[in-house]
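The values are calculated or read from the model by the stated rules, or taken from the named source; none is laboratory data. Remember, predicted model here, so these are calculated numbers, not experimental data. No Cβ is skipped: glycine too gets one built from the backbone with ideal geometry, and neighbour counts run over all protein chains shown. What goes into the accessible areas is simple: the full protein's heavy atoms, side chains included, and nothing from ligands, DNA or RNA. Shrake-Rupley method; radii C 1.70, N 1.55, O 1.52, S 1.80 Å.
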Amino acid sequence: MKRVLIIGGSGFIGLNIANELFKKNYKVTIFDKKKPKSLNKKIYTITSNLKNKKKLENAIKQSDIIYHLAGIADIGEAMKYPIKTFEINVLCTLEILKLSVKYKIQRLIFASSIYVHSDQGGFYRISKQASELCVEEFSKRYDLNYTILRFGTVYGPNADKRNNLTKIVSDALNKKKLNYSGGTSRAIRRYIHVYDAAKASCEILKNKFINKNILITGKKNIKITKIMKLLSKILNIKSKPSYEKVAKKGHYDVTPYTYKKKQEIKFFPKNNISIQEGLASLIKELSL
């Protein structure tokens, strides 16, 4: 029976992955700073944060496979606390990578985001881009097998109110109003239910997904206006939905695929020192 450690397993997606893996007869351990709301009693839990290196190392050395889902995932929080975001999302990922190599982990599954393709997402997006590069470099240098999961717009039970669909439905039920605070009426998403996302996150344990980047998202583009019409009908809300005039800062409206490399300008200063002169100068300095 393979031992799977889910770092950040008490969260919205992580808990569902834990349950799916348990059904598939994996021995599952959750490592998280908070206890899961509801959990199979046969799934072991370690309550700790990522900065407790001793507990983290003890958990990793007893594992065969690691799912790394922990970190700051809210764009607004990352914008407010950029240093904290990099400490948790990047530096702690490096520690997990180092320990994964030390204890010969069979595969590290890293939870990233569709925002790595965007020019939005702020410090959250940058932290995920940096972490992906670290994962790939560790694989290259130390033969660590990995799979990177880039999640799209996941929704479903137990998501907190920072999740847009959860917030929309919660406001609709409690205030009888339909309000989309994340973007404009043009907004489009590929929604995927958390149960489907969790199942896909377990399917990637197949060998064909080793050292691959996997996008886990819905099949169809769905306009936010369609979501509002469905909720209006289901909940019998007569008032018109409200939207933002412009997309919320850091969030994409229609497509995340907007990231472009910045072009560099070649600049050659005048009076260049030739390579011969430069070498002669260096030799003279080091000969003293």
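Mind checking which residues of segment 250-285 are touching a residue at least 12 places away in the same chain (Cβ under 8 Å), surrounded by 11 or more Cβ atoms within 10 Å (Cβ to Cβ) and not hydroxyl-bearing (S, T, Y)?
Selection gives G250, H251, D253, V254, P256.
Can you tell me which residues in segment 103-112 are open to solvent by 60 Å² or more (accessible area, probe 1.4 Å) and in contact (Cβ under 8 Å) with a residue 12 or more places away in the chain?
Result: Y103, Q106.
Per-residue answers, yes or no, for (1) closer than 21 Å to G121 by Cα; (2) in contact with a Lys or Arg (Cβ under 9 Å, 6 or more places away or on another chain); (3) modelled with pLDDT under 85:
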{"residue": "K248", "(1), (2), (3)": "yes, no, yes"}
{"residue": "D253", "(1), (2), (3)": "yes, yes, no"}
{"residue": "Y257", "(1), (2), (3)": "yes, no, no"}
{"residue": "I265", "(1), (2), (3)": "no, no, no"}
{"residue": "N271", "(1), (2), (3)": "no, no, yes"}
{"residue": "Q276", "(1), (2), (3)": "no, no, no"}
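Pick out the one residue from Y115, Y124, Y146, Y155 that is at pLDDT below 95, among the hydroxyl-bearing types (S, T, Y) and surrounded by 21 or more Cβ atoms within 10 Å (Cβ to Cβ).
Y115
Could you figure out which of (1) open to solvent by 70 Å² or more (accessible area, probe 1.4 Å); (2) among the hydrophobic types (A, V, I, L, M, F, W, C); (3) farther than 30 Å from G182 by Cβ isn't true of L91?
(3)
Mind listing just one residue for me: the one in segment 227-244 that is buried (at least 16 other Cβ atoms within 10 Å of the Cβ) and assigned to a loop (DSSP other than H, G, I, E, B) and, of those, nearest to the chain's Cα centre (by Cα)?
Among those that are buried (at least 16 other Cβ atoms within 10 Å of the Cβ) and assigned to a loop (DSSP other than H, G, I, E, B), it is E244.
Determine, yes or no, whether Y81 is among the aromatic types (F, W, Y) and open to solvent by 40 Å² or more (accessible area, probe 1.4 Å).
Yes, satisfied.
Of the numbered conditions (1) over 22 Å from P82 (Cα atoms); (2) open to solvent by less than 50 Å² (accessible area, probe 1.4 Å); (3) part of a helix (DSSP H, G or I); (4) in contact (Cβ under 8 Å) with a residue 24 or more places away in the chain, L173 satisfies every one except a single condition; which is it?
(2)
Scan segment 200-220 for residues that are touching a residue at least 24 places away in the same chain (Cβ under 8 Å), of a type outside the set (A, V, I, L, M, F, W, C) and open to solvent by less than 100 Å² (accessible area, probe 1.4 Å) and report the count.
The qualifying residues number 5.
Name the residues in segment 132-157 that are assigned to a helix (DSSP H, G or I), without any contact (Cβ under 8 Å) to a residue 60 or more places away in the chain and either over 17 Å from V101 (Cα atoms) or of a type outside the set (D, E, K, R) (or both), would you?
L133, C134, V135, F138, Y142
Scan segment 190-226 for residues that are among the β-branched types (V, I, T), under 11 Å from Y155 (Cβ atoms) and part of a helix (DSSP H, G or I) and jot them down.
V194 - this is the single residue of segment 190-226 that is among the β-branched types (V, I, T), under 11 Å from Y155 (Cβ atoms) and part of a helix (DSSP H, G or I).
For every residue, the table says whether it meets (1) farther than 22 Å from K206 by Cβ; (2) part of a loop (DSSP other than H, G, I, E, B); (3) of a type in the set (V, I, T).
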| site | (1), (2), (3) |
| --- | --- |
| I66 | no, no, yes |
| G76 | yes, no, no |
| K84 | yes, no, no |
| I88 | yes, no, yes |
| C92 | yes, no, no |
| L97 | yes, no, no |
| D119 | yes, yes, no |
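So that you can scan it fast, the table gives a plain yes or no per residue for (1) free of Cβ contacts under 8 Å to residues at least 12 places away in the same chain; (2) among the small types (G, A, S); (3) touching a helix residue (DSSP H, G or I) at 6+ places or on another chain (Cβ under 6 Å); (4) within 19 Å of K98 (Cβ to Cβ):
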| site | (1), (2), (3), (4) |
| --- | --- |
| K33 | no, no, no, no |
| T45 | no, no, no, no |
| N49 | no, no, no, yes |
| A59 | no, yes, no, yes |
| I65 | no, no, no, yes |
| G71 | no, yes, yes, yes |
| A78 | no, yes, yes, no |
| T85 | no, no, yes, no |
